[in-house]
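The values are calculated or read from the model by the stated rules, or taken from the named source; none is laboratory data. Note that the coordinates shown come from a computational prediction; the quantities given were computed from them, not determined experimentally. Cβ coordinates were reconstructed from backbone atoms using ideal geometry, including for glycine residues, and neighbour counts include every protein chain displayed. For the accessible areas, the whole protein counts, side chains as well, though only heavy atoms, and no ligand, DNA or RNA atoms are used. Shrake-Rupley method; radii C 1.70, N 1.55, O 1.52, S 1.80 Å.
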Amino acid sequence: MKIVLINPPWYRLQNASLSHYPPGPTYIAGALERIGYDSIVYNADYDPKIKSVVGGTNILNVNELTKKYHLYIKNLYDFNHSIWQEMRKVIEYFKPDILGVSVYTVTFKSALNIARIAKEIDKDIITIFGGPHPSIDPEGTIKEEFVDFVVIGEGEITIQKLIETIDNNSKDFANIKGIAH
């Protein structure tokens with residue numbers, strides 16, 4: 001079973017870069033590894049060509065970021081933007097059976113774009129959203145067309161049970177605490 005965990009872009013949509021590795025997907029990868037599943041973590045918010053967050057330093061400059069909000073909106077809905085082409089290539093290359101997406105409220109729309117791209121590539125890719133936003137609004141998140149499962153709260157144990165259930169071709173999700181489906 002191929003599992004890809006993605007940290008969606010937010011800074012990159014503003015011509016910036018998240019220069020540290022995202023903890024959420026990394027924790028989930030570790031939890032999956034403990035039960036024998038390999039996964040790939042892809043930080044779509046990191047651009048190796050951009051060495052700073054915003055404004056030429058590794059310090060988050062909120063004023064600079066605020067000035068770039070218009071770029072975020074423009075690039076979020078431009079599916080010809082290089083980041084969405086990159087997401088398509090990543091998903092096509094790794095061919096995941098399961099795509100996990102770490103979602104903050106600011107990355108929710110970006111995460112939905114990634115899930116939509118995945119389903120366009122292969123409608124059978126199982127999409128799982130976790131992180132702060134789905135934990136705060138699991139009902140709203142699971143209503144989204146391209147989201148198959150939501151992991152609510154700390155996801156390390158929950159994701160293990162969910163992946164094992166999926167891998168066993170079981171549909172018995174009712175006994176898994178901490179999910180919406």
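Which pairs do you get when a residue that is among the basic types (Lys, Arg), found in the range 153-174, comes within reach of a residue that is in a loop (DSSP other than H, G, I, E, B), reach meaning Cβ atoms under 7 angstrom, with the pair 6+ apart or on two chains?
Close Cβ pairs (under 7 Å, with a partner that is in a loop (DSSP other than H, G, I, E, B)) amount to Lys161/Ile176.
Looking only at residues that are aliphatic (A, V, I, L, M), closer than 17 Å to Val90 by Cβ and not in a helix (DSSP H, G or I) in the range 116-147, which one is most open to solvent (accessible area, probe 1.4 Å)? Spell out the reasoning first.
If we filter the range 116-147 for residues that are aliphatic (A, V, I, L, M), which is where we start, we get 117-118, 121, 125-126, 128, 136, 142, 147.
So of that shortlist, the ones also closer than 17 Å to Val90 by Cβ come out as 117-118, 121, 125-126, 128.
Narrowing the set further to residues that are not in a helix (DSSP H, G or I) leaves 125-126, 128.
Working: Ile125: 4, Ile126: 40, Ile128: 7 Å².
Checking each candidate, the answer is Ile126.
Would you pick out the residues in the range 79-98 that are open to solvent by 50 Å² or more (accessible area, probe 1.4 Å) and more than 16 Å from Phe146 (Cβ to Cβ)? Outline the logic, then answer.
So the first thing to find is which residues in the range 79-98 are open to solvent by 50 Å² or more (accessible area, probe 1.4 Å), and the list is 79-80, 82, 85, 88-89, 92-95, 97.
Listed by number, the residues that qualify are Asn80, Ser82, Gln85, Lys89, Glu92, Tyr93, Phe94, Lys95.
Filter the range 18-39 down to the residues that are crowded, with 16+ Cβ neighbours inside 10 Å and aliphatic (A, V, I, L, M) and list them by number.
Passing the criteria: Leu18, Ile28, Ala29, Ala31, Leu32.
Give Asn113, Asn75, Asn15 a once-over and let me know the one that is open to solvent by 60 Å² or more (accessible area, probe 1.4 Å) and in contact (Cβ under 8 Å) with a residue 24 or more places away in the chain. Give the derivation first.
Details: Asn113 fails: open to solvent by 60 Å² or more (accessible area, probe 1.4 Å); Asn75 fails: open to solvent by 60 Å² or more (accessible area, probe 1.4 Å).
Of Asn113, Asn75, Asn15, the one residue that is open to solvent by 60 Å² or more (accessible area, probe 1.4 Å) and in contact (Cβ under 8 Å) with a residue 24 or more places away in the chain is Asn15.
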